[in-house]
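We did not get these values from a lab; they are worked out from the coordinates using the rules stated. Predicted model only: the values in this text are computed from it and were never measured. Here the Cβ positions follow ideal geometry from the backbone for every residue, glycine too, while neighbour counts run over all protein chains shown.
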Amino acid sequence: MLAERKKLIQSLFDEYIEMYASRDQRLAARFSQNFSGYAGSSDQLITDTDEWIKVTLLDFEQIPQRIEIEMLDLSLQDLSDDVVSATAFFHIHLPVPESFLARETARLVLIFRREDGNWMITHSGISIPFGLAERGEVYPMQRLNERNSELEALIEERTHELKIAIDELAQSHEQLLQSEKLASIGLLAAGVAHEINNPIGYVTSNLGTLNAYTRLLLDIAVELESWIGAGAPQGEALFALKQRLDDAELDYLSNDLDSLIKESRDGLERVRKIVADLKSFARLDGTELQLADINVGLDTTLNIVSNELKQKAKVVCNLGKLPQVRCNPGKINQIFMHLLLNAAQSISQFGTITITTKHQSDWVTIAVSDTGVGIPDKNIKRIFDPFFTTKPVGKGTGLGLSISWGIACDHGGRIEVDSTPGVGSTFTLYLPISGPDVAPGEALKDSRQ
């Protein structure tokens with residue numbers, strides 16, 4: 001076929017498609033008086049041009065908006081000097097919320113004949129699987145609308161069911177979080193009680209000694225007061241008083257009083273700090289973001305879990321100079337607790353836990369390394385999964401690392417793991433200095449892949 005003829009046929013076809021897609025009623029004037037055609041889902045041959053024009057205008061009336069035609073294949077034929085044809089396969093996209101028609105392939109055969117110098121359409125045969133079309137329809141709009149209503153009702157029903165499922169899931173998730181918090185509190189309670197009992201024990205002991213010293217001095221003071229009222233004491237009385245003062249060892253008592261008071265103050269300060277740290281650590285439910293010193297948060301958490309750690313490992317801190325981080329301090333402390341306890345529990349005999357903090361570009365990193373048993377390769381990808389644990393029954397909920405992962409992601413951060421079985425593991429928490437893009441809890445970015 002000559003390029004000029006091919007260009008002619010292509011232009012005739014393109015003009016038809018554009019006029020049909022844009023619902024241009026001028027298309028009716030392009031049909032020959034000697035016309036035949038099959039329309040849409042009709043199985044009857046139409047040989048009357050006026051009848052065909054009625055079908056075309058009905059088509060435009062049914063769907064007045066522009067339709068989209070996605071061309072799949074086009075074959076052009078030059079039949080004679082005055083007759084050409086085009087056969088096309090395509091998808092029709094109607095401006096309705098229904099997709100099944102767009103998945104069906106339609107076929108169109110157009111024959112153009114030159115009449116009095118003008119190219120007219122003498123045949124149009126369109127084959128579209130629109131068997132659902134009712135009488136008086138070109139497209140099955142009634143069935144489409146019915147189906148759309150059915151789909152909307154089904155979507156509304158499914159949406160309601162999904163909302164119920166999401167609400168139930170959220171409640172279950174909250175219950176799990178509360179369960180983990182209670183488990184953590186139970187684990188820490190004994191350690192905190194032990195840490196408080198030690199200073200309280202020697203403060204109590206010191207108070208007993210101070211009470212004895214005070215009684216002794218008060219007895220001497222009472223005796224001196226009686227002498228003042230009775231006049232100068234006799235020699236025997238003075239000798240007895242001197243003996244009592246010697247027995248009291250006033251120099252020793254004076255020095256010991258200073259020591260007892262200092263020890264008691266130190267013990268009470270220790271208790272005050274534990275209580276303050278516990279109060280700070282326990283603020284886990286807030287969502288407010290604030291600037292926080294990560295190193296201070298680590299120190300607070302170490303103070304709370306020290307009893308659990310000192311039984312299993314020596315703790316070495318390499319804390320770098322850090323900028324303040326925008327975060328929820330209580331939540332971040334919760335991550336520290338889980339990482340530290342996880343490190344301690346991985347050590348079978350007495351070992352070492354090393355904490356390293358660094359400022360790296362826009363991030364702060366907190367690495368917790370242990371000399372524990374390490375993690376097998378097969379478990380590395382599962383350690384952040386809820387309920388996954390290799391600990392004996394009753395020794396862990398399997399939620400600690402999962403919750404830590406969620407908190408890290410909520411803050412726009414992540415946790416990376418490097419472990420060698422038999423050597424130990426390092427968990428590194430990455431936190432953006434500027435904080436998350438949204439408030440924690442609004443978006444959980446899953447970047448585990």
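Per-structure values
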read-out	value
DSSP-loop chymotrypsin sites (Phe, Trp or Tyr not before Pro) across segment 342-384, with at most 16 other Cβ within 10 angstrom	PHE350
Ranking of MET71, MET337, MET19, MET120 by count of other Cβ atoms within 10 Å, fewest first	MET71, MET19, MET120, MET337
Length added when fully stretched, ALA21-ASN118, from 0.36 nm per residue minus Cα-Cα	32.7 nm
Stretch gain in nm, segment GLU70-ALA165, where the contour uses 0.36 nm per residue and the Cα spacing is subtracted	30.3 nm
GLU150/PHE350 FRET efficiency (R0 56 Å; Cβ-Cβ; nearest 0.05)	0.20
Residues LYS321, LYS310, sorted so that the one with the fewest Cβ neighbours within 10 Å comes first	LYS321, LYS310
Label-point gap, in nm, between THR47 and SER11 - each point 7 angstrom along Cα→Cβ	3.4
Convex hull volume of segment 283-432 per residue (C-alpha atoms, cubic angstrom)	110
FRET efficiency, 1/(1 + (r/R0)^6) with R0 35 Å, evaluated for ILE261 and ASP219 via beta carbons	0.95
